[in-house]
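Q: Here's a structure for you.
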Amino acid sequence: MPNLVISWIVLGAIAGLLVYLFSSKRLMGGMFGNIAIGVVGALAGGYLVTGATHADISSASLTWGILITSAASAVIVTIVFQSEATERVKK
């Protein structure tokens, strides 16, 4: 597994954990659910930015742009998923 993908996974896990710690809304999966959603968001953001720049994942170097994009997408996906999940529970 390329180092780039490993960094996305780590960033996503950290972002999911931070959203869990600082958000009043809770997913049914708890902390591990947030971490999993954060990882999915970071992977999606990382693949989007490398696809947009036509970079090869196996040989691309780690840049601040890729890190920021994957971390931001992890936070956004986790927050959106939390909002949707809590709205469904309320109905």
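The values are calculated or read from the model by the stated rules, or taken from the named source; none is laboratory data. A quick note: this is a predicted structure, and the numbers were derived from the prediction, not measured.
Q: Return the only residue of 24, 7 being more than 14 Å from the chain's Cα centre (by Cα) and either of a type in the set (Ser, Thr, Tyr) or in a helix (DSSP H, G or I) (or both).
A: When all the criteria are applied, what remains is 24.
Q: Quickly run through the range 46-77 and pick out the residues that are part of a helix (DSSP H, G or I), among the polar types (S, T, N, Q) and either modelled with pLDDT under 80 or under 17 Å from residue 3 (Cα atoms) (or both).
A: 50, 69, 70 - these are the residues of the range 46-77 that are part of a helix (DSSP H, G or I), among the polar types (S, T, N, Q) and either modelled with pLDDT under 80 or under 17 Å from residue 3 (Cα atoms) (or both).
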